[in-house]
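The values are calculated or read from the model by the stated rules, or taken from the named source; none is laboratory data. Predicted model only: the values in this text are computed from it and were never measured. Here the Cβ positions follow ideal geometry from the backbone for every residue, glycine too, while neighbour counts run over all protein chains shown. Ligands, DNA and RNA are stripped out before the accessible areas are found, and what is left, the full protein with its side chains, is counted by its heavy atoms. Shrake-Rupley method; radii C 1.70, N 1.55, O 1.52, S 1.80 Å.
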Amino acid sequence: MPAISLPDGSVRDFDGPVSGAELAADIGPGLAKAALAIEIGGALSDLDLPIEQDVTVRIITSRDDEALELIRHDCAHVMAEAVQELYPEVQVTIGPSIENGFYYDFHRAEPFTPDDLETIEKRMHDIVDRAEPITRELWSREQAVLHYKKVHEPFKVELVEAIPENETVSFYRQGGFLDLCRGPHMPTTKYVGHAFKLMNVAGAYWRGDSNRPMLQRIYGTAWTNQKELDAYLHMLAEAEKRD
């Protein structure tokens, strides 16, 4: 029976394992609606992770500093999903959040154009509006390798094969998109919001090695609201004028 300690010092007792989403709902419907993730014993986790022992937790909402990195991380996955829907022949590699935004590296014979970026961005807004559930799956390393060989994703095969054989591999699924990722992620794509913009595309060698294939890196920026996005874009425009 886990006893869950909250930041205000209160403690909630449960008869069995409880997820972050269930805990947020137990506290109140407003928090349940606003919850993005949960910090369990100092580590950020998905809301559906079961809590089985006494621990101190903190529910993460858009008001918390961690929210922006979650948004940017999920936005990278939304971009990758959009690219694969629009250009099924493209191979996806890695896509982290970074300062002021995110990027994802793709392997494609043809270069992405500014028009392509506009098309991808539009599809990303569609995916956000779909509110696709983002769910975590644990696979064996062997299952993961076989999957990526079957779908002809050699870059992902290389990443999985670098994982020790006895370890499980975590994936995140949203809609028809499945990505190798440690997480955590927000509950659905709707929490990404619409305050994002694709900025540019640049070349990047796979694993930073000039002897490996050249990939196309699409950069984007994402913020918690439109006001923050507009302020960032204005700052960039003013800096460009000075240069």
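From the list Val90, Val78, Val83, the lone residue that is crowded, with 16+ Cβ neighbours inside 10 Å, touching a helix residue (DSSP H, G or I) at 6+ places or on another chain (Cβ under 7 Å) and within 14 Å of Tyr172 (Cα to Cα) is Val78.
The residues of region 208-243 that are under 14 Å from Asp74 (Cα atoms) and in a loop (DSSP other than H, G, I, E, B), listed by number, are Trp223, Thr224. The number of residues in region 28-55 being hydrophobic (A, V, I, L, M, F, W, C), open to solvent by less than 50 Å² (accessible area, probe 1.4 Å) and in contact (Cβ under 8 Å) with a residue 60 or more places away in the chain comes to 4. Screening Gly176 with (1) out of contact with any Leu (no Cβ under 9 Å at 6 or more places or on another chain); (2) small (Gly, Ala, Ser); (3) surrounded by 16 or more Cβ atoms within 10 Å (Cβ to Cβ) gives one miss only, at (3). Where helices (runs of 4 or more DSSP H) fall entirely within region 95-207, those with at least 1 residues that are under 21 Å from Tyr219 (Cα atoms) are at 114-130, 154-161. In this entry, Asp65 is excluded by the filter for residues that are modelled with pLDDT of 95 or more and open to solvent by 70 Å² or more (accessible area, probe 1.4 Å).
Whether a residue is over 21 Å from the mean Cα position of the chain (by Cα), more than 21 Å from Arg63 (Cβ to Cβ) and open to solvent by less than 70 Å² (accessible area, probe 1.4 Å) was assessed, and Val18 passes this test.
Restricting attention to region 182-193, the residues that are more than 12 Å from Pro133 (Cα to Cα) and surrounded by fewer than 20 Cβ atoms within 10 Å (Cβ to Cβ) add up to 3.
Would you mind stating whether Ile59 is closer than 23 Å to Ala25 by Cα, surrounded by fewer than 22 Cβ atoms within 10 Å (Cβ to Cβ) and either touching a strand residue (DSSP E or B) at 6+ places or on another chain (Cβ under 7 Å) or modelled with pLDDT under 95 (or both)?
Numbers: closer than 23 Å to Ala25 by Cα: yes; surrounded by fewer than 22 Cβ atoms within 10 Å (Cβ to Cβ): yes; either touching a strand residue (DSSP E or B) at 6+ places or on another chain (Cβ under 7 Å) or modelled with pLDDT under 95 (or both): yes.
Yes, satisfied.
For region 201-234, filtered to residues that are open to solvent by 70 Å² or more (accessible area, probe 1.4 Å) and polar (S, T, N, Q), the residue that is farthest from Phe112 (Cα to Cα) is Gln226.
Take Ser5 and tell me if it is of a type in the set (Ser, Thr, Tyr), open to solvent by 20 Å² or more (accessible area, probe 1.4 Å) and touching a residue at least 24 places away in the same chain (Cβ under 8 Å). Break it down stepwise before answering.
Working: of a type in the set (Ser, Thr, Tyr): yes; open to solvent by 20 Å² or more (accessible area, probe 1.4 Å): yes; touching a residue at least 24 places away in the same chain (Cβ under 8 Å): yes.
Answer is yes for this residue.
In region 132-162, of all residues being exposed (fewer than 15 other Cβ atoms within 10 Å of the Cβ) and hydrophobic (A, V, I, L, M, F, W, C), the one that is farthest from His73 (Cα to Cα) corresponds to Leu146.
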